[in-house]
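Structure first, commentary second.
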Amino acid sequence: MLHPLSNRIKSLPISQTLAMAAKARELKGQGKDIISLSLGEPDFNTPEFIKEAAIQAINDNYNSYSPVNGYADLREAICRKFKRDNNLNYNINQVVVSTGAKQSIANVAMVLLNPGDEVLLPAPYWVSYSAISILAEATYVEIPSTIDTDFKITPEQLEAAITPKTKMIFFNSPNNPSGTVYTEAEYRALAKVLEKHPQIYILSDEIYEHINYGTPNFSFASIESMYDRTITVNGVAKAFAMTGWRIGYIGAPEWIAKACNKMQGQITSGANCIAQRATITALDEPVSRIQYMVDEFKIRRDLITGLLSEIKGIKTNIAQGAFYVFPDVSYYFGKTIDGVKVENASDFAMLVLEKANVATVTGDAFGAPNCIRISYAASQPELKEAVKRIAELLS
Ligand code: GLU
C-alpha cells in the first residue's frame, strides 16, 4: 500500500552523510570489521572544562525552557566570540541559538526563501544545503569547481550564475567536503561581484573556522558592504568535539534574527538548556585550549594525504581546514575492480565499503560526482589501515 506522505518529504533526498554512517554502524553490528570514515565528527571527547560546566548547570537546576533564541548571557558570550575571533560586531538581538548549526541554516532558508527563488551553491557543498533549499521550495543552482582549482569558484563563475531570481548564496570555508579555505583576497573578490546584486543574501557557514591549518580566518560579514546581507553561522560541534550536544547559532541583521526566532518558536523552542550553559564556558575560554585537537587533525591530514597520493589513479587535494579529504577517483570510472564495474563515485564508495570495509561518502551528494569524501576524524592506525585496504583493493 502506498503511504500518503507529503510531496515535501517525497521530494527530499536522504542525507548521504548520515545514511553512510548508519550503514557503517549496521555492518559493524553484523560483526564486520568496518572502518568508518563517513561522518564528520571529531573522535575526541568533549574537553573536561566543558563537561564540568554542564554538570554544574544540572546541579544549578537549569531544567526549564530557555528563551527561544537562547539565554541572554549565552548570546552575550557569542557576541564576545564574534568580536574576538571574527572582528564582527553583533548585539544580542542579532544572535539566535539553535539545536545545531543545521537548524540555524534551516531557519534562515525558511525565513528568506520563497518558491522560485534561486540559491547558489558553490560545489562541492555540504549535503544538507541542497536538501534544505528543496524544503524551502527554492531552486538550487550549482557553481562547479574541480580539484585543479583547489575546489574554489572564481568571481567570473559567480557573476555568470546570478540571475534576477537569485536570492541567496551558501558559502562555506573551511569547506565540507573539500577542506578548502578561501583567502581574504578571494572573499573580497567574490564580494565585489555580490555588491552589484543587492538582492542576494549570503549564508556564511563558518562551523570549521577553528580547524584551520594556516590560512588566516576571515568572515564574509567583516566586509563592510556585506555585513547587512550576511548571516554568519557557527556552532560548537566541530571545534569543541560537541556534535551530540546540538548547539549552533547565527549572527545576522536583526530582522532576520527576529524571523528565525519566530520560526524556531513554532518548531523546537529554545535549544537544550544544559548544552547552552556549557557553551558559554566553551566560547569564553581561549581558543588555545582546543588547539591540541587541531594539531592532531593536521598530523592526520598529512598522513592520509601522503598515503592516498601513493595510490595510482587517486588525485588528492591538500585540505587546508576541516577534517576531510576529497580525492578525485574518476580514473576508476568504467573499470572493473574485483568483479565490480565502477561507473561513478557512488559505485566507487560502495565498492570500497563492501570489498575493503571502509565507509566513505560519495561526492555526488556534495555536487562533485568525480570525488569521494574521506573524514580523517579517526585514529592514525585506523587511517593507515583504511588506506592500506583501499590500496590493496585497487591494485
Ligand atoms: N556535518 C557532518 C558531516 O558532514 C555531520 C553529518 C551531517 O549532519 O551531515 O558529516
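The values are calculated or read from the model by the stated rules, or taken from the named source; none is laboratory data. Here the structure is a predicted model, which is why all the values come from computation and not from measurement. Positions of Cβ are backbone-derived with ideal geometry, glycine not excepted, and every protein chain shown enters the neighbour counts. Please note that ligands, DNA and RNA were not included when accessible areas were found on the heavy atoms of the full protein model with its side chains. Shrake-Rupley method; radii C 1.70, N 1.55, O 1.52, S 1.80 Å.
Data table
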read-out: Residue list for the range 368-395, restricted to those being surrounded by fewer than 22 Cβ atoms within 10 Å (Cβ to Cβ) and not hydrophobic (A, V, I, L, M, F, W, C); value: PRO369, ASN370, SER379, GLN380, PRO381, GLU382, LYS384, GLU385, LYS388, ARG389, GLU392, SER395
read-out: Verdict on ALA345 being surrounded by 20 or more Cβ atoms within 10 Å (Cβ to Cβ) and more than 17 Å from GLN16 (Cβ to Cβ); value: no
read-out: Checklist (1) assigned to a helix (DSSP H, G or I); (2) under 22 Å from the mean Cα position of the chain (by Cα) applied to GLU41, failing item; value: (1)
read-out: Members of the range 129-174 found to be open to solvent by 40 Å² or more (accessible area, probe 1.4 Å) and over 27 Å from TYR331 (Cα atoms), listed by number; value: ILE134, LEU135, GLU137, THR139, TYR140, GLU156, GLU159, ALA160, THR163, PRO164, LYS165, LYS167
read-out: Unique match (being under 30 Å from SER219 (Cα atoms) and within 16 Å of the ligand (Cβ to nearest atom)) among ALA72, ALA77, ALA101, ALA53; value: ALA101
read-out: Leading residue by the ranking (surrounded by the most Cβ atoms within 10 Å (Cβ to Cβ)) among those in the range 13-38 that are within 14 Å of the ligand (Cβ to nearest atom) and not in a helix (DSSP H, G or I); value: LEU37
read-out: Helices (runs of 4 or more DSSP H) contained in the range 279-395 and holding at least 1 residues closer than 30 Å to ASP85 by Cα and under 20 Å from the mean Cα position of the chain (by Cα); value: 291-309
read-out: Every residue from the range 205-228 that is closer than 26 Å to THR163 by Cα, away from the ligand (no atom under 16 Å from the Cβ) and outside any loop (DSSP other than H, G, I, E, B); value: PHE220, ALA221, SER222, GLU224, SER225, MET226, TYR227, ASP228
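Results for (1) out of contact with any Pro (no Cβ under 8 Å at 6 or more places or on another chain); (2) surrounded by 15 or more Cβ atoms within 10 Å (Cβ to Cβ); (3) part of a loop (DSSP other than H, G, I, E, B), shown as yes or no for each residue.
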residue	(1), (2), (3)
ILE50	yes, yes, no
ALA54	yes, yes, no
ASN61	yes, no, yes
VAL68	yes, yes, yes
ASP73	yes, no, no
ALA77	yes, yes, no
LYS83	yes, no, no
VAL97	yes, yes, no
